[in-house]
Amino acid sequence: MSQTRILVTGGAGFIGSHYVRTLLGPSGPGEVSLTVLDKLTYAASLANLDQVRRSDRFTLAVGDICDEELVGRLVAEHDQVVHFAAESHVDRSIADSGEFVRTNVLGTQVLLDAALRHGVDTFVHVSTDEVYGSIPTGSCSESQPLAPNSPYAASKAASDLIALAYHRTHGLDIRVTRCSNNYGHHQFPEKLIPLFVTNLLDGRTVPLYGDGLNVRDWLHIDDHVQGIELVRAKGRAGEVYNIGGGTELSNADLTALLLDACGAGPERVEYVADRKGHDRRYSVDWSKIHTELGYKPGRDFADGLAETVAWYRDHRPWWEALKARAALPASGAAPC
Ligand code: NAD
């Protein structure tokens, strides 16, 4: 059986590594081989790939998606691209947006050019609900005009538009996914859930931004990977697909659940000055991917959260190494 060769950018990060482990695991499609291209920034962990390292269908290439020569060579050897690589933390983009524009915008364009040059048959661009901006009520469909607010969200919106332009201009098969806030094991301990859980496990306080009433929709990593894989395998060229989780929570309510899960009291919450330009609420309408591709989030939030907390409790060496490596820029914490 011939194998589809997929280049997975950012595959040593949280979502990309989950995608790789899933596709090469027992429930993955057998007929794929994967190459991870990852720069191994502060957010990456090679341990995320331990499970697949010995597979003869797995290759690791360490490098930068902005490196035209390297990207050209790798893309030429693959049939498809699934593009996760990005600078992904909003607070860091507020502190310094340069690397966000370079990796998220320029890096995406370098990949798209290579995909066009070498006739890649499908390019899945993984994006975010943050490109729609803050929405007080209701949910954003894929046709909602983009209104990003943070430098991170603006860099992702720019990359979405460039990717879609390569479809409209050149006919390249581009598929864009926009998901809500992911949670699960192996998430870098600067994002809200792993930051709060690891602080609580260490007996420390958790920094909650502003009034704590910013609302996010939570999506289990398994469900996100299921959605991306449906889009890669069965989606349509030039289309955008929202991927939601179906559990909307304010940060304060989520914090209460995390305190409870870690056996900690409300005195462990430290209210800190709000993030600059903090979006109040995100929500995506995911009826398109449900109707067209049969996507449905399968993970119950309470179970998923309990499993996630237990994973961090049991994997201290994994997160202690990462926490020590990253100088966290913000005093507060928002979901992403
Ligand atoms: P992450 O920060 O955990 O991982 C990003 C990976 O990209 C890392 O392994 C890093 O080394 C790699 N990388 C960064 N710059 C690179 C470069 N120039 N060249 C090659 N590799 C590079 O991020 P994540 O949470 O796994 O997010 C993956 C994708 O999903 C991103 O595109 C992000 O915008 C999107 N997304 C994430 C969420 C979320 O909740 N985590 C929500 C919506 C969308």
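Computed from the coordinates by the stated procedures, all read-outs in this text should not be read as laboratory data. Computed from a predicted model, the values in this text were never measured in an experiment. For neighbour counting, all protein chains shown are included, and Cβ atoms are generated from backbone atoms with ideal geometry for every residue, glycine included.
Worth a mention:
- Size estimate for the chain follows the Kirkwood approach: the inverse of mean 1/r over distinct Cα pairs works out to 20.0 Å.
- Taken over the chain, lysine pairs spaced eight or more positions apart, or on distinct chains, with alpha carbons under 29 Å apart number 18.
- Peptides ranked, highest mean first, by Cβ atoms within 10 Å: ranges 237-250, 58-71: 237-250, 58-71
- The local environment of ALA306, defined by Cβ-Cβ distances under 15 Å, has a net charge of -4 under the rule Lys, Arg +1 and Asp, Glu -1.
- Each of LEU200, ILE162, THR35 was scored by the projection of its Cα onto the charge dipole of the chain, and the greatest displacement toward the positive side belongs to THR35; charges sit on the C-beta of Lys, Arg, Asp and Glu.
- Rg over Rh [alpha-carbon atoms, Kirkwood Rh] for segment 268-322: 1.12
- For segment 219-262 versus segment 200-218, the gap between their alpha-carbon centres in whole angstrom: 19 Å
- Order by protection proxy (mean Cβ within 10 Å, highest first), peptides 99-110, 23-34, 302-313: 99-110, 302-313, 23-34
- With Cα atoms defining each centre, segment 88-103 and segment 1-39 are spaced 26 Å apart in the structure.
- ARG53-ARG102 FRET efficiency (beta carbon distance; Förster radius 35 Å; 0.05 resolution): 0.75
- Sum of -39500 (n - 2.57) over DSSP H runs of 4+, divided by residues of the chain (222 nm, nearest 500): -11000 deg cm²/dmol
- The label point for ASP300 and the one for ASP314, both projected 7 Å from the Cα toward the Cβ, are 1.8 nm apart.
- Its convex hull of Cα atoms gives segment 1-137 a direction-averaged projected area, equal to a quarter of the hull surface, of 9.7 nm².
- Under 5 Å, built H, 5+ apart or other chain: amide partners of TYR241: VAL176, THR177, ARG178
- 13 Å beta-carbon shell around ALA154, net charge (K/R +1, D/E -1): -3
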